[in-house]
1. Taking the stretch 276-306 on its own, how many of its residues are aromatic (Phe, Trp, Tyr) and either free of Cβ contacts under 8 Å to residues at least 24 places away in the same chain or part of a loop (DSSP other than H, G, I, E, B) (or both)?
2. Let me confirm something: among 263, 250, which residue is closer than 15 Å to residue 195 by Cα, aromatic (Phe, Trp, Tyr) and touching a residue at least 60 places away in the same chain (Cβ under 8 Å)?
3. Got a sec? Which of 71, 77 is touching a Pro at 6+ places or on another chain (Cβ under 8 Å), of a type in the set (A, V, I, L, M, F, W, C), in contact (Cβ under 8 Å) with a residue 24 or more places away in the chain and surrounded by fewer than 23 Cβ atoms within 10 Å (Cβ to Cβ)?
4. Looking at (1) touching a residue at least 24 places away in the same chain (Cβ under 8 Å); (2) not in a loop (DSSP other than H, G, I, E, B), which one does residue 34 not meet, given that it meets all the others?
5. Just name the residue that is modelled with the lowest pLDDT out of those in the stretch 73-94 that are outside any loop (DSSP other than H, G, I, E, B) and under 12 Å from the mean Cα position of the chain (by Cα).
6. Just to be sure before I move on: is residue 52 buried (at least 16 other Cβ atoms within 10 Å of the Cβ), modelled with pLDDT of 95 or more and either farther than 22 Å from residue 300 by Cβ or touching a Leu at 6+ places or on another chain (Cβ under 7 Å) (or both) in the structure I sent?
7. Would you check which residues across the stretch 56-74 are over 29 Å from residue 138 (Cβ atoms) and among the acidic types (Asp, Glu) and list them?
Amino acid sequence: MSTPGFGRTLLLSAFLLAVPSYVLGTSPEPLAIADDPQAAQLTISFKNRPILVYAHSAKQFKPYVKELFDLSGYNLLRDAPPDHLHHHGMMYAVIVNGVTYWQERADTGIERSVRIEKQQAGLDDRGLPYASFVDVIEWLDLAGKSAAEGGKPVLQERRTIRVTVDENQKEVAVQWSADFDVSSKTSVRLTGDPYNGLGLRLPKDFDGRVIHQNAEKTLDPRQGDPNISKSRWSAASVGLPTGASMVAVFGDPGNRLGDSVFFLMYQPFAYIAATQALDKNALDYPAGARYRLNYLVTVYPEVKTGEFLQRRATEWNRTDRPPIIPK
């Protein structure tokens, strides 16, 4: 887990040296976005402090959000812990045509980041500062994995990450919108384990004492670990000596199969996964098809009420989604 706080010389140095960087003067407190090609890490900063770090090396098994900070400087994600090296902060992976993209072994597929595009920063229609970018990703099958520069992708993904900051609500929000194109030569079947989907490995501080709640109720770990339930949103919080911290994950009811099925763990480690229950409902897409997945993740340096999170879900569901980006 990253050390709480923003005073980290390495990240600030990387931010200052990275290019390109966008800082718009129309906002008194703008976001900045900078991509460091050598480190293959993109950093979004607020008030000269990183709030999101995105790792996208083509040599990785998958690109992912490596760090996500609330406005107090606390990182809500954990990357490659010793017990599960393939748990990477906030990541998305499922099984495609029988090939798993979740684990990281010799027989697994690769989500290869091809390039970062469309870096933008400014004010949204609410007057909140935002920054966004697109990662073009190829989901390579085993043939693609055996030849690092070759192979044919079964899926091409255009992943849009959009970050906004609302200081009044003490919120950092990440919208994860992914447009998938199926290969024109083969259909795909999506399956998975109960935890396959958008997964968040939470900090060590959360392990064993996390409080999970969803749109219906606070969840009691004594009723089962893991807890699997369908809901509009699910949130995890913990009290720390320095204060409370919370992360909430919202599924888009417009996703195929509707609201997310959340896989939640309390111990031996804390975890949230927003899934489509692909262990029970395989999804088939014909060759040349296109589909989309939307999620919203918000973090706070305090515990928000269920009523607040329900209002946040309603607000997000009423907003226009970004248009599908053409190839």
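1. Keep residues of the stretch 276-306 that are aromatic (Phe, Trp, Tyr), which gives 285, 291, 295, 300.
Now drop any that are not either free of Cβ contacts under 8 Å to residues at least 24 places away in the same chain or part of a loop (DSSP other than H, G, I, E, B) (or both), which leaves none.
Total satisfying the criteria: 0.
2. Values: 250 fails: closer than 15 Å to residue 195 by Cα.
Only one candidate qualifies: 263.
3. Numbers: 77 fails: surrounded by fewer than 23 Cβ atoms within 10 Å (Cβ to Cβ).
That would be 71, the only listed residue that is touching a Pro at 6+ places or on another chain (Cβ under 8 Å), of a type in the set (A, V, I, L, M, F, W, C), in contact (Cβ under 8 Å) with a residue 24 or more places away in the chain and surrounded by fewer than 23 Cβ atoms within 10 Å (Cβ to Cβ).
4. Residue 34 satisfies all of (1) touching a residue at least 24 places away in the same chain (Cβ under 8 Å); (2) not in a loop (DSSP other than H, G, I, E, B) except (1).
5. The first filter runs over the stretch 73-94 and keeps only residues outside any loop (DSSP other than H, G, I, E, B), leaving 75, 79, 88, 90-93.
Next, only the ones that are under 12 Å from the mean Cα position of the chain (by Cα) stay: 88, 90-93.
On the way: 88: 91, 90: 98, 91: 97, 92: 98, 93: 96.
Among those residues, the one meeting the criterion is 88.
6. On the way: buried (at least 16 other Cβ atoms within 10 Å of the Cβ): yes; modelled with pLDDT of 95 or more: yes; either farther than 22 Å from residue 300 by Cβ or touching a Leu at 6+ places or on another chain (Cβ under 7 Å) (or both): yes.
Yes.
7. Restricting attention to the stretch 56-74, the residues satisfying the condition of being over 29 Å from residue 138 (Cβ atoms) are 69-74.
Across the stretch 56-74, the qualifying residue is only 70.
To keep it simple, each residue is scored yes or no on (1) of a type in the set (Gly, Ala, Ser); (2) modelled with pLDDT under 95; (3) in a loop (DSSP other than H, G, I, E, B).
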| position | (1), (2), (3) |
| --- | --- |
| 208 | yes, yes, yes |
| 236 | yes, no, no |
| 245 | yes, no, no |
| 250 | no, no, no |
| 254 | yes, yes, yes |
| 258 | yes, yes, yes |
| 273 | yes, no, no |
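The values are calculated or read from the model by the stated rules, or taken from the named source; none is laboratory data. What you see is a predicted model; the values in this text were computed from it and never measured. Cβ sites come from the backbone with ideal geometry, for glycine too, and all protein chains shown count toward neighbours.
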